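Engineer: My questions will all concern the structure given below.
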Amino acid sequence: MKHITVTLVFVATIQFVSAQEELPRQEALKYAFLVSADLKALQDTPIATDVDLKRPVALRDGDYGALVLPEAKLSADAIATAGDQAVPIGQLWLHRLTPIRNGEAVPASELRVVNLEIEGESNRAVQLTLGVKGNGSGGQELLVFGKSKSPLLKVALKKTEGQSEVPISMKAARVNGEAGRITLKILGRYEASLLVTELGQ
């Protein structure tokens with residue numbers, strides 16, 4: 001993937017709960033516009049995505065950040081009927097964070113890494129592609145893709161009650177001093193969580 005340089009004060013989580021802040025919609029829209037500066041890079045994902053840049057959700061905690069962009073045509077029916085082919089549901093952008101897999105941080109070599117210039121300093125963000133497929137037992141699972149067409153993670157997608165004003169909402173919580181949990185709530189009907197930690201070199 002071609003590296004992109006954009007000027008961006010990014011958003012959300014790892015020092016966690018007390019300081020976690022969801023950004024106002026106008027600010028989240030600004031960041032969504034910035035990460036879309038290179039449209040080819042935005043769309044050149046392991047599974048085809050067409051994200052809705054007008055419906056972002058962003059969190060902030062100090063130097064760490066997360067931004068979720070939902071798929072433009074995301075629907076509960078598409079998720080409920082997902083079979084053995086991944087159905088795209090959006091993208092998750094992380095600043096200074098990486099997913100945890102089998103207790104270890106996913107290395108940068110397996111990720112789609114974007115160069116960011118933040119207040120005159122070079123920083124990196126990770127672009128993760130999100131999909132859903134059937135788990136073979138009548139349920140669904142969330143797939144998290146990095147650079148490869150094979151998912152980095154497969155996470156249980158649980159049905160939940162409630163409503164949401166946005167297609168995908170997000171919250172964060174501390175697990176311990178080195179890891180946090182990002183929970184995505186999709187269309188107010190499904191929920192999945194992944195662990196994250198600081199992105200290494």
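Engineer: Of all residues in region 167-183, count the ones that are more than 25 Å from Lys73 (Cβ to Cβ), assigned to a strand (DSSP E or B) and touching a residue at least 60 places away in the same chain (Cβ under 8 Å).
Structural biologist: First, the residues of region 167-183 that are more than 25 Å from Lys73 (Cβ to Cβ): 172-181.
Applying the additional criterion that residues be assigned to a strand (DSSP E or B) yields 172-174, 180-181.
Now drop any that are not touching a residue at least 60 places away in the same chain (Cβ under 8 Å), which leaves 172-174, 180.
Matching residues across region 167-183 total 4.
Engineer: Checking the structure you have, find out if any residue of region 73-89 is surrounded by fewer than 18 Cβ atoms within 10 Å (Cβ to Cβ), out of contact with any helix residue (DSSP H, G or I) (no Cβ under 6 Å at 6 or more places or on another chain) and under 23 Å from Arg181 (Cα atoms). Even if it seems obvious, please write down each step before you answer.
Structural biologist: Filtering region 73-89 down to residues surrounded by fewer than 18 Cβ atoms within 10 Å (Cβ to Cβ) leaves 73, 75-78, 80-81, 83-85.
When the remaining residues are screened for being out of contact with any helix residue (DSSP H, G or I) (no Cβ under 6 Å at 6 or more places or on another chain), the result is 73, 75-78, 80-81, 83-85.
Filter again for under 23 Å from Arg181 (Cα atoms), leaving none.
There is no residue in region 73-89 that is surrounded by fewer than 18 Cβ atoms within 10 Å (Cβ to Cβ), out of contact with any helix residue (DSSP H, G or I) (no Cβ under 6 Å at 6 or more places or on another chain) and under 23 Å from Arg181 (Cα atoms).
Engineer: Failed condition for Asn135, given (1) closer than 19 Å to Ile186 by Cα; (2) under 13 Å from the mean Cα position of the chain (by Cα), with all others met?
Structural biologist: The number of the failed condition is (2).
Engineer: I need the full set of residues from region 137-166 which are closer than 17 Å to Ala192 by Cβ and either modelled with pLDDT under 85 or part of a loop (DSSP other than H, G, I, E, B) (or both), in order please.
Structural biologist: We begin by selecting, within region 137-166, every residue closer than 17 Å to Ala192 by Cβ; these are 137-146, 151-162, 164, 166.
Those that are closer than 17 Å to Ala192 by Cβ and either modelled with pLDDT under 85 or part of a loop (DSSP other than H, G, I, E, B) (or both): Ser137, Gly138, Gly139, Gly146, Pro151, Leu152, Thr160, Glu161, Gly162, Ser164, Val166.
Engineer: Going residue by residue through region 77-91, is there one that turns out to be modelled with pLDDT of 95 or more and charged (D, E, K, R)?
Structural biologist: no
Engineer: Now, a different point. For Ala32, indicate whether it is modelled with pLDDT under 80 and within 20 Å of Arg55 (Cα to Cα). Walk me through it before giving the result.
Structural biologist: Values: modelled with pLDDT under 80: no; within 20 Å of Arg55 (Cα to Cα): yes.
No, not satisfied.
Engineer: For Ser122, only one of the following conditions fails: (1) at pLDDT 90 or above; (2) closer than 23 Å to Arg60 by Cα; (3) small (Gly, Ala, Ser). What is its number?
Structural biologist: Answer for Ser122: the failing condition is (1).
The values are calculated or read from the model by the stated rules, or taken from the named source; none is laboratory data. Since the structure is predicted, the reported quantities are computational estimates derived from the model, not experimental observations. Here Cβ is always computed from backbone atoms with ideal geometry, including for glycine, and neighbour counts include all displayed protein chains.
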